[in-house]
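The values are calculated or read from the model by the stated rules, or taken from the named source; none is laboratory data. Since we're looking at a predicted model, the values are computed, not measured. Positions of Cβ are backbone-derived with ideal geometry, glycine not excepted, and every protein chain shown enters the neighbour counts. To get the accessible areas, we keep the full protein, side chains included, count just its heavy atoms, and leave off ligands, DNA and RNA. Shrake-Rupley method; radii C 1.70, N 1.55, O 1.52, S 1.80 Å.
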Amino acid sequence: MPHLAVNGIHAKYGSLDVLHGISFDVDRGEVVSLVGPSGSGKSTVLRTLVGLTPVTGGGIEVDGTSIDYRSSRSVRAARDRMAIVFQQYNLFQNMSVLGNVTLAPRRVKGRKRQEVEAEAMDLLDLVGMAHKAHAYPDELSGGQQQRVAIARALALRPEILLLDEVTSALDPELVNEVLDAVRRLAAEGMTMLLVSHEMAFVREVSSKVVFMDQGKVIEAAPPAKIFDAPDSERARDFFGKVLRG
Amino acid sequence: MERILSQMPEFFSAKNLVLLAQSAGLTLSMTLMGCLIGFGLALVLVYLRTTPGLWALPLRVTCIAYVEVFRRIPFLVVIYLVLFFIQTIATDVSLFTIAVISICIYAIAYTADIIRGGIDSVPYTQIEAAQAMNLSRLQTMYLCVLPQAWPVIVPPAIAFAVSFIKDTALVSQIGVFELTFRGKELNNQGYSGALVFGTIALCYFAMSFPLSMLGQHLEKRLATPRGKRNPR
Amino acid sequence: MNYNFQFNVVWRNFDVLLEGAWLTLQLGVFAFTAGCLIGLVGAAIRSYGPAPLRWLVNIYVIFITNTPALIQIYFLYFALPEFGIRWSNEACVLIGLTLNAGAYLTMILRAGFLSVRQAEMEAGETMGMSLPQRIRYIVVPHIAKSIYPALANFFIVILVMGTSVGALIGVDELTGQAINLSTVNYRWLEYFTVAALMYVVLTFIASIGLALLGRWAFRVKARIF
Ligand SMILES: Nc1ncnc2c1ncn2[C@@H]1O[C@H](COP(=O)(O)OP(=O)(O)OP(=O)(O)O)[C@@H](O)[C@H]1O
Ligand SMILES: [Mg+2]
């Protein structure tokens, strides 16, 4: 049984249909990447998973249990197991880095402050941001905010981590750091679904790549297959361009 | 003119000055109390207004209607309505309480709009981030949204309260011993109208002007982003 | 609460309330229009006038906007007779409100003037329009767009907060009539409830009218609610 099963989901913003029946599975401990041109709906897939954009058709299962996005109880349960790192980080501007990371563990999980803060410092250390624990988001660079956002998501102790373009704002050195962190998490058995334009990163870290275009899955295969010998014309075209570029 | 000059020493006697100071204090304290309580209730109102779901529709409509209706009724009419309504249900409510309740009712309607504007100024993505972490609606509001909305809310809310110091003059009509009432009383005692109401006007000015300056200063200060302010 | 609401009395005297509402509307429109004229002059002086005049206007605005309208009207009504100037209570309310509105409108219109200067410059550079044409097609729409919502909002404030003050020196506008009628038969709650509703209806009509006017004349999207 897959850890996360996405079965033909549809979604729209207002009257604009964005997802037209997306399906793929993520096994426990597996890292799956969503790739595709800008505007193809990758972020929207992650948003539907955590119930921020309503699903208008199809269904999502976590560990075989389907999530009812109309029931707030079910959505809470889903959010309890999945944590998302947003493309735009969305750190709380009114809180320090440490405040951002400890907010949910303290207020939602009701854990003790000292314990949570010690753990938060470890997580910040993991992403190389411990020295900025008391800075505010508007005093950080994009890449620094990105790493804090990752620490904040990890502090939720999720089973499934959803990462949206986590390397887009990072310089090559930091990409490696984040890559390390992701690899370590994968080794620890964390299930991950990530969106990325960084093909080298995708190839290195993921066991399956889902190629999307215009709200549809065009092809899903292991990276070696999809990068070097894709079945579809569209994928060949896309990867031909991005890999050469 | 001669009359004014000849009345001056007597008018500015210690006794009258103390009375005036007391009345000014009353004016200030009822404005402050009414606006503070009103502001608190307006926060609740705005929060209720954001309740999602179909079942909460009547609640949302009531909140919107409250703001729309009370902004369109003269404060004087509100005072009379509160006065007579309270007198039919209870007998021993002080006039000061009635004044504070009237101010409160009015302040809710005005500050609710200010608060809503502040909340709308916080990017929706902040709320989404909080939701995705399972923070409750209330927690999202007081932990993430309101702290970011204060700089937008506080200056106009203070400006409202300061300008309302003047509007409380109407409360004199039901006999609260505030500045305007004291003025009419002194006028009835035979003091020159020019002397009395000129002095009363100056008293209001002395309260309103510095406070409004303070409000503007605060607005400028809060408008500077955190990074540019003094280091913590 | 065992109060018996009796609205029958109110309906019998409804025409009196309507008369009051009519006077309210007249007072509001007059004070607003005259206030706009003062405001225009005041804003022009504050923007382009010589220093001493500018200070005078500043003092006028600061003093009026920091003291209650009621006290200003009381001053006209109770203090001016001591200097031999006697105005009727209606005149006092009208003049008091006009002076009051003039100060606030000076501030509002000045904001509009400030926004126009650049627009005027740009307009001058482009196309060979004559001055009246430029004023008609560029300057006025520009001012209108930037201050129309504030103007419309202030009209409602004058109509509601402003005119009701007249009741306190015996002008029989809507609030005044409500007071008069209820002192006769003690149906305060009924009269004031109905008067309050009439204010709501009156200002709604005014808001909608102003929004439509703004849309038609200046293409401004003024908010009704
Ligand atoms: N809040 C929104 N309101 C309306 N339309 C939206 C909204 N967010 C996204 N869209 C539209 O939905 C489509 C998919 O957007 P999405 O953000 O999922 O793309 P993406 O694959 O993540 O793109 P990118 O790689 O640029 O991040 C796009 O056409 C976009 O214009
Ligand atoms: Mg995206």
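Observations, loosely collected:
- Proximal lysines to residue A:109, defined as alpha-carbon separation beneath 19 angstrom and excluding residues fewer than eight positions away on the same chain: none
- Listed by chain and number, the lysines placed with their C-alpha closer than 27 angstrom to that of residue A:112 are A:132; residues fewer than eight positions away on the same chain are left out.
- Taken over the C-alpha atoms, the protein assembly as shown has Rg and Dmax values of 32.6, 106 angstrom.
- Segment residue C:219-residue C:186, extension gain: residue separation times 0.36 nm, minus the distance between their alpha carbons: 7.1 nm
- The stretch B:88-232: radius of gyration over Cα atoms, expressed as a fraction of 2.2 N^0.38 Å: 1.45
- Radius of gyration, Dmax [the stretch A:4-242; alpha carbons; angstrom]: 17.6, 55
- For the stretch C:8-217: rounded, prolate or oblate by the Cα gyration tensor [a/c cutoff 1.5]: oblate
- Spherically averaged projected area of the convex hull of Cα atoms, the stretch B:39-168: 9.3 nm².
- Sites matching chymotrypsin sites (Phe, Trp or Tyr not before Pro) across the stretch B:9-84 that sit in DSSP coil, with at most 14 neighbouring C-beta atoms within 10 Å: B:12
- Other residues lying with their Cβ under 13 Å from the Cβ of residue B:48 contribute a combined charge of +4, Lys and Arg counting +1, Asp and Glu -1.
- Förster radius 56 Å - calculated FRET efficiency between residue B:213 and residue A:65, Cβ distance, rounded to 0.05: 0.35
- When chains C and B come together, the accessible area they lose, probed at 1.4 Å and totalled over both chains, is close to 3500 Å².
- A Gaussian network model of chain A, with springs between Cα atoms under 10 Å, assigns the largest mean-square fluctuation among A:77, A:169, A:120 to A:77.
- Angle of helix B:193-223 to the longest C-alpha principal axis of chain B, folded into 0 to 90 degrees and rounded to 10: 20°.
- Shielding by partners for peptide A:101-113, expressed as the average number of C-beta atoms from other protein chains within 10 Å of each residue's C-beta, is 2.
- Rg/Rh (Cα only; Kirkwood hydrodynamic radius) as it applies to the stretch A:8-120: 1.01
- Fraction of beta bridges assigned by DSSP in the protein assembly as shown that are antiparallel (%, nearest 5): 55 percent
- Compared with the dominant principal axis of the Cα atoms in chain A, helix A:142-154 is inclined by about 90°.
- Given R0 = 56 Å, the distance between the Cβ atoms of residue C:29 and residue A:138 translates into a calculated FRET efficiency of 0.70.
- Helical runs (DSSP H, four residues minimum) scored at -39500 (n - 2.57) apiece and divided by the length of chain A put the mean residue ellipticity at 222 nm at -12000 deg cm²/dmol.
- For residue B:223 and residue A:184, the FRET efficiency from 1/(1 + (r/R0)^6), where r spans their Cβ atoms and R0 equals 35 Å, is about 0.20.
- The protein assembly as shown - percent of accessible surface contributed by carbon and sulfur, probe 1.4 Å: 61 percent
- Going from the chain on its own to the full set of protein chains, the stretch C:171-199 has these residues losing 50 Å² or more of accessible surface (heavy atoms, 1.4 Å probe, no ligands, DNA or RNA): C:188, C:189, C:192.
- Inter-chain Cβ neighbour count for C:164-170, averaged per residue, equals 4 (cutoff 10 Å, partner chain atoms only).
- Principal-axis tilt of helix B:57-70 within chain B, Cα atoms, nearest 10 degrees: 30 degrees
- The lysines within cross-link reach of residue A:12, meaning a Cα-to-Cα straight distance under 25 Å and a gap of 8 or more places when in the same chain, are A:42, A:216.
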